[in-house]
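Structure, as structure tokens:
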Amino acid sequence: MPNLLIAPDFPPEHFGGWHIFNTLLQKESGKTIRLLTPHSAEEQQEMLQQNQVDIIYANPFDAASLIRDKNYLPVAKPVQNPDEMVIAAGKLSGLSKLTDLKAGMKIAVTNNRDVKLIGLRLLEAANLTEADLEWVEVPSFQAAARHAIQGKADAAFFVASSFHSLSEMTKQQMAVLIESHITDITHVILMHPEQSELLPTMQQAIINMKDTDAGQRVLGELAMSDGFSQLTEEDAEFMIDLMETLLD
């Protein structure tokens, strides 16, 4: 029985949607699929190290490593749903723009390396490097928001979709310092090379999901109304090159 792992950085309200997505994928592919929803990046890494993951909806940083180091195969990518990130501060901090951040300040971050990577690039505009700041690790984006609002951190890093899905009350207590607009970096679906015979079936089922009423409903719940398109090897290599450029 193949399994499908969903990266643990999605908003909590999407949890039910991923279960419905998996149910629909099983129906459309004719395969029984076990859904894996690790609670943290550490738990995801344990599953990957134990070779437990057949199909994965991965963030771009992890995707680059899985393709290059473990030969995972490209399957699909969301249409018009790039991964962007937000740097935000609590309203009471008095910070209102990126250049208000200064050396020595505290930044709340989750264990999402792609988010931190993009954030560090954005911080170059404020002449700040990773070593200039104090990093406060938190377990979730909700916790990052609390730290910023309560003054336990001067600002926080977020996946843009997770920031925008915070409650209105929470967002009213925060100030967005900057939001990225890279557009070419996205989560992607990959498949373990040992499951390559399943790739055409799964790829077609995922791409065709947007063409059914049930598929449109679940994709809407996951904020992916335009569905998925094929992820080619060229697409994957381009994104990996872009991630490596951000690392340099």
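So the values come out like this:
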| read-out | value |
| --- | --- |
| Residue satisfying all of: in the range 20-61; in a strand (DSSP E or B) and in contact (Cβ under 8 Å) with a residue 60 or more places away in the chain; nearest to Pro139 (Cα to Cα) among these | Ala58 |
| Pair list, Cβ < 7 Å and 6+ apart or interchain, from the range 74-99 residues that are within 14 Å of Met239 (Cβ to Cβ) to residues that are of a type in the set (Ser, Thr, Tyr) and surrounded by fewer than 18 Cβ atoms within 10 Å (Cβ to Cβ) | Pro74/Thr232; Ala76/Ser229; Lys77/Ser229; Pro82/Thr183 |
| Criterion (assigned by TED's automatic domain parsing to the domain that holds His147, over 30 Å from Thr245 (Cα atoms) and in a helix (DSSP H, G or I)) met by exactly one of Lys171, Lys210 | Lys171 |
| Given (1) in a loop (DSSP other than H, G, I, E, B); (2) under 20 Å from Phe61 (Cβ atoms), number of the condition Ser225 does not satisfy | (2) |
| Condition check for Val218: surrounded by fewer than 20 Cβ atoms within 10 Å (Cβ to Cβ), touching a helix residue (DSSP H, G or I) at 6+ places or on another chain (Cβ under 7 Å) and hydrophobic (A, V, I, L, M, F, W, C) | no |
| Pair list, Cβ under 6 Å, 6 or more apart: the range 106-130 residue within 21 Å of Gln142 (Cβ to Cβ), other residue of a type outside the set (A, V, I, L, M, F, W, C) and buried (at least 22 other Cβ atoms within 10 Å of the Cβ) | Lys106/Asp154; Asn112/Asp9; Asp114/Asn59; Asp114/Pro60 |
| Residues satisfying the stated conditions in the range 130-168, i.e. under 15 Å from Asn111 (Cβ atoms), touching a strand residue (DSSP E or B) at 6+ places or on another chain (Cβ under 6 Å) and either part of a helix (DSSP H, G or I) or not assigned by TED's automatic domain parsing to the domain that holds Gly119 (or both) | Phe141, Ala144, His147 |
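The values are calculated or read from the model by the stated rules, or taken from the named source; none is laboratory data. On a predicted model such as this, the values are computed, not experimentally measured, just so you know. As a convention, Cβ positions derive from the backbone with ideal geometry for all residues, glycine included, and neighbour counts pool all protein chains shown.
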